[in-house]
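Enquirer: Take this structure, written in C-alpha cells, and hold onto it; I'll ask about it next.
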2 protein chains.
Amino acid sequence: MNHTQLRPPTMADVARLAGVSHQTVSRVLGDHPNVRDETRARVQRAIEEMGYRRNSSARALVTRRTRTLGVVASNTTLYGPASTLFALEEAARTEGYVVSTVSLRRLTVETLSEALDHLSQGGVEGVIALAPQRSAVEALAELRQPFPVVAVGTGTGVEIPSVNVDQRLGARLATGHLLASGHRTVWHLAGPEDWQEAVDRVDGWRATLEEAGVEPPLPLGGDWSPLSGYRAGQELAGWVGRGLTAVFVANDQMALGVLRALREAGVRTPQDVAVVGFDDIPESEFFAPPLTTVRQDFATVGKRSIALLLDLIEGRPPSGTSRVAIEPQLVVRASTFPYVPQPGNAPG
Amino acid sequence: MNHTQLRPPTMADVARLAGVSHQTVSRVLGDHPNVRDETRARVQRAIEEMGYRRNSSARALVTRRTRTLGVVASNTTLYGPASTLFALEEAARTEGYVVSTVSLRRLTVETLSEALDHLSQGGVEGVIALAPQRSAVEALAELRQPFPVVAVGTGTGVEIPSVNVDQRLGARLATGHLLASGHRTVWHLAGPEDWQEAVDRVDGWRATLEEAGVEPPLPLGGDWSPLSGYRAGQELAGWVGRGLTAVFVANDQMALGVLRALREAGVRTPQDVAVVGFDDIPESEFFAPPLTTVRQDFATVGKRSIALLLDLIEGRPPSGTSRVAIEPQLVVRASTFPYVPQPGNAPG
DNA sequence: GAGGTCATTGTGAGCGCTAACAATTCCCGT
DNA sequence: ACGGGAATTGTTAGCGCTCACAATGACCTC
C-alpha cells in the first residue's frame, strides 16, 4: 500500500520537481488566474507524478476554515432521522463541506455536551442538532459553543435558529381527512411527551377536532416503536363499537403495531376502524392494509438547515427567516377508505 | 452569540493569563505528569476563564494525526446500512476518533472516487467503505488512496481487508429451517445480482437444497424494495399448489411485499406458504404475519471494522485476520409455523 | 558545602500551508 | 529602443501547536 511511505510529499517537493516556487503550486491548486498555461501544466504534471494532495490541517490552520460541519443526532436507525441525516450530508457536500456525525443512543444534557465537545475536537465550524426531545433543546440553549448551532425538529418555539416540518399542519391534514371521510371523531396515539413533534401533532389533532365542534377523546401514548403501537392497539380495539372508528397514529411504526393489534382482535381496517400514520416510511405502502400517512420532505429540511447554518457561519444575515417551517403532505391509501357509518362494505 | 468574537484565544493567551509559558499550558492539556499541582490548577482556571479550546488544525498539523475516519456508504436510509453506520460511529468515538460520512445515492466508480476525494479533503486517516455492490469493490481496489481502506459487506473474496456477516450461513439457516419444518423445497427471491450479499445468499440457499438432494427452483430477482417483493409475490402466488410451499426472501422489505401479494391472492401465510426474510428490521415482528428472518449483528460489524482499520492506520499487524466474517442468527416467528402438508390448520 | 539527581518550567524550531508584498518578466505604444 | 503598466513569479512571515532540548531550582548525599 502506498500509505506506508514515511512522509507524503509537500507543496515544496512538488515545487522543486516543477522548478517553481511553492507559492506557484499553491496558485495552481487554488485556480488563481495569473499563472502561465505552460507553468500550470508543468506544475500539474508534477502533482500527478508525486501523487500530491494538499495537507488539509495546514490549510485549515492558515485559512481558519476547516470546511467541516457537525451533526448530532439520536435514533439514527429510524427512518426520519436517517433520511434527514442523508439530506444534510448531501446538501453540505454540495456546498463543499465535510460532515462529521455523532449518533447518540440517548439525548441528555451530558451526552449532548460530550457530543458537542467531540465535534469541536474535530474542528467543526458549525453544528446541526437533530434534537427532537424538548429537554435536549433546552440543554442546547445552555451549552453555548464557540460555533453556531442550528436545531432541527425542535419546533419553532425555541430561542435557537431552527428548521422544522410543520407538525401541526401534518396532524391537521390527517385529522381533517378522517373527519372529511365521515368519521364523527378521531382518536390519537401520540408519541413521547418530551418530543416536541409529538406534542405538536397532538396540538394539531386537538385543534382540528375542536374547530369541528368535537370533544377530543383522551389521547393514548406510545414510544414510537411498533410494540408500543401494538399495545395501544389492543386498548383501542376495546373501544370499537363505542364510538371509535378512526385513529390518527403519530408515526408509521406505531401504526403498524396498531394494525396488527386490530387485526388480531378481529377489527377490520378500514371498514371498522380507519388508521392514519405519520412519516411515510417506505414500508407503509405495503402494510396490511396500505397505510394513509403524512409525508415529510426531509430533503428540503436538509437543504434549508445547511443553508441557515452556513449563513450563520459566514456571518451573513440568514437569507430566509431563522425559524423555518416546511409543509408536509397527506398520502391517502387503503387504510382510510371513505368511511360509511354502516358496517359490512367490502373493499376492492 | 459568543462565536462572533473575532479571534478565539490561543494557547499563548492562556499562558499569559496564567503567568506561565505556552508549553506549560500544552502540558496541562496533554496530562503530562511533571506539572506542579498548583501550576496545573492556575492554568486550568485560566483555560476556563477564557473559554479556551485547542485549535485542532494546529494540533493535527504538528502531530500528523487528525483523529478522523471516513465512511462511504449508499442507501443509508435502509435499516442495514443505517445500523452499520451507527455502530461504526459509536465504535470510532469510543476510540477517540471523529467520523465523517459521505452518503451516496448510487455507488459507481465516479461517485466512489469523488467520495474518497471529498473525505481526503477532510483529512481522514482511513476509510470504511460500505460497498455491497461488487462493481464498487472492484473500483475500490483500483483507487489506491494514501490511507488505508476497509470494506464492509463486500464478501470475503476481495483483495481489500474486509469485514462481513456470513451471508451464506444466514441463507443456510433460513433454508435449513424451512426444510426442517417439512417443506419439500424452498423458493428464493434474490436481491440484485451485483450485490455480493445477494449472491452469497443465493449460494447458501442453493447449497443447502443441493445437500438435501433437492433441485433448486429458478430464483426470482428483486431490488430490495417492498414493491419489487410485491411483484415477485404476485408471480409466486401463481405457483401455489404446484410445489411452492416455502419462500426464502433475501430481505425483510421484499418479504413485506411478498406477504401483501400472497394475501391479496388469497394465499395464507404460513398455512399455504411459509416465508422467511433477512435482516430483522424492527417492523418485521409486526408484519402480517410476524416474519421469521435472519438477524445480523451490526454492532459487532462496526466494532470489528473500526478495530481493523485502526490496526492498519497504526501500522500494526491486524489483531485478528483481515477478512472477518460474523455469524448471523435465525429468528423464528409466525410466518413459518411448522409446516404440515395438509391444508386447513388454523394458527393461534 | 560541592556535586549530582530529579522535578519543573521555558525556549526555539518547524509542521505545510496561504496571504501580503516584492521582484521580475513580458508586451505594448511611442 | 525605451518607459510603463500588467502579467507572472518569488520571498517572507506567520497560522497555533507539539517536540526536543535547555535552563532553572529543589533536594539529597557524602
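Enquirer: Take the conditions modelled with pLDDT under 95 and more than 27 Å from the chain's Cα centre (by Cα) and apply them to A:Gly238. Does it pass?
Expert: Values: modelled with pLDDT under 95: no; more than 27 Å from the chain's Cα centre (by Cα): yes.
No.
Enquirer: Evaluate the following for B:Leu78: is it more than 16 Å from DNA strand C (Cβ to nearest atom), at pLDDT below 95, among the hydrophobic types (A, V, I, L, M, F, W, C) and under 30 Å from B:Val137 (Cβ atoms)?
Expert: Numbers: more than 16 Å from DNA strand C (Cβ to nearest atom): yes; at pLDDT below 95: yes; among the hydrophobic types (A, V, I, L, M, F, W, C): yes; under 30 Å from B:Val137 (Cβ atoms): yes.
Against the criterion (more than 16 Å from DNA strand C (Cβ to nearest atom), at pLDDT below 95, among the hydrophobic types (A, V, I, L, M, F, W, C) and under 30 Å from B:Val137 (Cβ atoms)), B:Leu78 qualifies.
Enquirer: Assess whether B:Ala151 counts as being farther than 21 Å from B:Ala299 by Cβ, touching a helix residue (DSSP H, G or I) at 6+ places or on another chain (Cβ under 9 Å) and of a type in the set (A, V, I, L, M, F, W, C).
Expert: On the way: farther than 21 Å from B:Ala299 by Cβ: no; touching a helix residue (DSSP H, G or I) at 6+ places or on another chain (Cβ under 9 Å): yes; of a type in the set (A, V, I, L, M, F, W, C): yes.
Answer is no for this residue.
Enquirer: Residues being closer than 10 Å to B:Leu256 by Cα and at the interface with chain A (Cβ under 8 Å from one of its Cβ atoms): count how many of those fall in segment B:271-286.
Expert: Residues that pass the stated criteria total 1.
Enquirer: Taking interchain pairs and intrachain pairs at least six residues apart, which have beta carbon atoms under 7 angstrom, with the first residue in segment B:219-245 and within 14 Å of another protein chain (Cβ to nearest Cβ) and the second charged (D, E, K, R) and assigned to a helix (DSSP H, G or I)?
Expert: B:Pro226/A:Glu285; B:Tyr230/B:Arg260; B:Gly233/B:Arg260
Enquirer: Of all residues in segment A:47-64, which are surrounded by fewer than 13 Cβ atoms within 10 Å (Cβ to Cβ) and either near DNA strand C (Cβ under 10 Å from one of its atoms) or within 9 Å of chain B (Cβ to nearest Cβ) (or both)? Explain how you work it out, then say what you get.
Expert: Here is the first cut: in segment A:47-64, the ones surrounded by fewer than 13 Cβ atoms within 10 Å (Cβ to Cβ) are A:48-49, A:62-64.
A:Val62, A:Thr63, A:Arg64 - these are the residues of segment A:47-64 that are surrounded by fewer than 13 Cβ atoms within 10 Å (Cβ to Cβ) and either near DNA strand C (Cβ under 10 Å from one of its atoms) or within 9 Å of chain B (Cβ to nearest Cβ) (or both).
Enquirer: Of all residues in segment B:140-170, which are touching a Lys or Arg at 6+ places or on another chain (Cβ under 6 Å) and over 22 Å from B:Asn75 (Cα atoms)?
Expert: Hits for segment B:140-170: nothing passes.
Enquirer: Quick check on segment B:201-211. Is at least one of its residues at pLDDT 95 or above, within 14 Å of chain A (Cβ to nearest Cβ) and in contact with a Lys or Arg (Cβ under 9 Å, 6 or more places away or on another chain)?
Expert: First, the residues of segment B:201-211 that are at pLDDT 95 or above: B:201-211.
If we keep only those that are within 14 Å of chain A (Cβ to nearest Cβ) as well, we get none.
No, segment B:201-211 contains no residue that is at pLDDT 95 or above, within 14 Å of chain A (Cβ to nearest Cβ) and in contact with a Lys or Arg (Cβ under 9 Å, 6 or more places away or on another chain).
Enquirer: Additional query: Hey, which of the strands (runs of 3 or more DSSP E) in segment A:233-309, taking only ones fully inside, have at least 1 residues that are of a type in the set (S, T, N, Q) and at negative phi?
Expert: Working: elements: A:246-249, A:274-276, A:293-295.
Hits in segment A:233-309: A:293-295.
Enquirer: Pick from B:Arg106, B:Arg93: which is more than 10 Å from chain A (Cβ to nearest Cβ) and either assigned to a strand (DSSP E or B) or surrounded by fewer than 23 Cβ atoms within 10 Å (Cβ to Cβ) (or both)? So that I can check it myself, show each step before the final result.
Expert: On the way: B:Arg93 fails: more than 10 Å from chain A (Cβ to nearest Cβ).
None of the others qualify; the one that does is B:Arg106.
Enquirer: Could you list, in sequence order, the residues of segment A:27-39 that are surrounded by 10 or more Cβ atoms within 10 Å (Cβ to Cβ) and within 8 Å of DNA strand D (Cβ to nearest atom)?
Expert: Answer for segment A:27-39, where residues must be surrounded by 10 or more Cβ atoms within 10 Å (Cβ to Cβ) and within 8 Å of DNA strand D (Cβ to nearest atom): A:Arg27, A:His32, A:Val35, A:Thr39.
Enquirer: Of everything in segment A:24-46 that's away from chain B (no Cβ under 13 Å) and among the aliphatic types (A, V, I, L, M), which residue is nearest to the chain's Cα centre (by Cα)? Step through it out loud before you land on a result.
Expert: Of segment A:24-46, the ones away from chain B (no Cβ under 13 Å) are A:24-28, A:30-46.
Then drop every residue that is not among the aliphatic types (A, V, I, L, M), which leaves A:25, A:28, A:35, A:41, A:43, A:46.
Working: A:Val25: 41, A:Val28: 39, A:Val35: 45, A:Ala41: 45, A:Val43: 44, A:Ala46: 44 Å.
If we take residues in segment A:24-46 being away from chain B (no Cβ under 13 Å) and among the aliphatic types (A, V, I, L, M), then A:Val28 is nearest to the chain's Cα centre (by Cα).
Enquirer: Would you say A:Gly153 is modelled with pLDDT under 95 and of a type outside the set (A, V, I, L, M, F, W, C)? If you could, list the steps in order and put the result at the bottom.
Expert: On the way: modelled with pLDDT under 95: yes; of a type outside the set (A, V, I, L, M, F, W, C): yes.
It is true that A:Gly153 is modelled with pLDDT under 95 and of a type outside the set (A, V, I, L, M, F, W, C).
Enquirer: Kindly provide the set of residues from segment A:300-330 that are within 26 Å of A:Pro146 (Cβ to Cβ), in contact (Cβ under 8 Å) with a residue 12 or more places away in the chain and of a type outside the set (A, V, I, L, M), ordered by number.
Expert: Quick first cut of segment A:300-330, residues within 26 Å of A:Pro146 (Cβ to Cβ) only: A:301-324.
If we keep only those that are in contact (Cβ under 8 Å) with a residue 12 or more places away in the chain as well, we get A:301-310, A:312-313, A:318-320, A:322-324.
Matches in segment A:300-330: A:Gly302, A:Lys303, A:Arg304, A:Ser305, A:Pro318, A:Ser319, A:Gly320, A:Ser322, A:Arg323.
Enquirer: Take the residues in segment A:50-86 that are in contact with a helix residue (DSSP H, G or I) (Cβ under 7 Å, 6 or more places away or on another chain), free of Cβ contacts under 8 Å to residues at least 12 places away in the same chain and assigned to a helix (DSSP H, G or I); name whichever of them is farthest from DNA strand D (Cβ to nearest atom).
Expert: Here the answer is A:Ala82.
Enquirer: So B:Leu178 fits all but one of (1) surrounded by 23 or more Cβ atoms within 10 Å (Cβ to Cβ); (2) closer than 25 Å to B:Thr76 by Cβ; what number is the exception?
Expert: (2)
Enquirer: Now, a different point. Please enumerate the residues belonging to segment B:258-270 that are within 12 Å of chain A (Cβ to nearest Cβ) and either at pLDDT below 95 or within 18 Å of the chain's Cα centre (by Cα) (or both). Show your work before the answer.
Expert: Here is the first cut: in segment B:258-270, the residues within 12 Å of chain A (Cβ to nearest Cβ) are B:258-264, B:269.
Of everything in segment B:258-270, those that are within 12 Å of chain A (Cβ to nearest Cβ) and either at pLDDT below 95 or within 18 Å of the chain's Cα centre (by Cα) (or both) turn out to be B:Arg260, B:Arg263, B:Glu264, B:Thr269.
Enquirer: Let me ask something additional. When you look at A:Ala15, is it surrounded by fewer than 21 Cβ atoms within 10 Å (Cβ to Cβ) and either touching a residue at least 12 places away in the same chain (Cβ under 8 Å) or within 15 Å of DNA strand C (Cβ to nearest atom) (or both), yes or no? Working first, answer last.
Expert: On the way: surrounded by fewer than 21 Cβ atoms within 10 Å (Cβ to Cβ): yes; either touching a residue at least 12 places away in the same chain (Cβ under 8 Å) or within 15 Å of DNA strand C (Cβ to nearest atom) (or both): yes.
Against the criterion (surrounded by fewer than 21 Cβ atoms within 10 Å (Cβ to Cβ) and either touching a residue at least 12 places away in the same chain (Cβ under 8 Å) or within 15 Å of DNA strand C (Cβ to nearest atom) (or both)), A:Ala15 qualifies.
Enquirer: Since A:Leu119 meets every condition but one in (1) within 16 Å of the chain's Cα centre (by Cα); (2) closer than 17 Å to B:Glu89 by Cα, which condition does it not meet?
Expert: The failed condition is (1).
Enquirer: Next question, about the same structure. Any residue at all in segment B:27-36 that is assigned to a loop (DSSP other than H, G, I, E, B) and in the same structural domain as B:Val127 (by TED's automatic domain parsing)?
Expert: The answer is no, given that none of the residues of segment B:27-36 is assigned to a loop (DSSP other than H, G, I, E, B) and in the same structural domain as B:Val127 (by TED's automatic domain parsing).
Enquirer: To continue, here is another question. Go through segment A:192-212 and report how many residues are crowded, with 18+ Cβ neighbours inside 10 Å and under 20 Å from A:Val158 (Cα atoms).
Expert: So the answer is 9.
Enquirer: Of everything in segment B:65-90, what is polar (S, T, N, Q), within 7 Å of chain A (Cβ to nearest Cβ) and more than 28 Å from B:Val25 (Cβ to Cβ)? Give them in sequence order.
Expert: The first filter runs over segment B:65-90 and keeps only residues polar (S, T, N, Q), leaving B:66, B:68, B:74-77, B:83-84.
Pick out the ones that are also within 7 Å of chain A (Cβ to nearest Cβ) and you get B:66, B:68, B:76-77, B:83.
B:Thr76, B:Thr77, B:Ser83 - these are the residues of segment B:65-90 that are polar (S, T, N, Q), within 7 Å of chain A (Cβ to nearest Cβ) and more than 28 Å from B:Val25 (Cβ to Cβ).
Enquirer: Then there's this: For the list (1) farther than 12 Å from B:Leu69 by Cα; (2) at pLDDT 95 or above, I need the number of the one condition that B:Tyr97 fails.
Expert: The number of the failed condition is (1).
Enquirer: Does segment B:4-20 contain any residue that is out of contact with any helix residue (DSSP H, G or I) (no Cβ under 6 Å at 6 or more places or on another chain), facing another protein chain (nearest Cβ under 9 Å), near DNA strand D (Cβ under 10 Å from one of its atoms) and of a type in the set (Val, Ile, Thr)?
Expert: Scanning segment B:4-20 turns up no residue that is out of contact with any helix residue (DSSP H, G or I) (no Cβ under 6 Å at 6 or more places or on another chain), facing another protein chain (nearest Cβ under 9 Å), near DNA strand D (Cβ under 10 Å from one of its atoms) and of a type in the set (Val, Ile, Thr).
The values are calculated or read from the model by the stated rules, or taken from the named source; none is laboratory data. Keep in mind that what you see is a predicted model, and the values were worked out from it rather than measured. Positions of Cβ are generated from backbone atoms using ideal geometry, with glycine treated the same way; all protein chains shown enter the neighbour counts.
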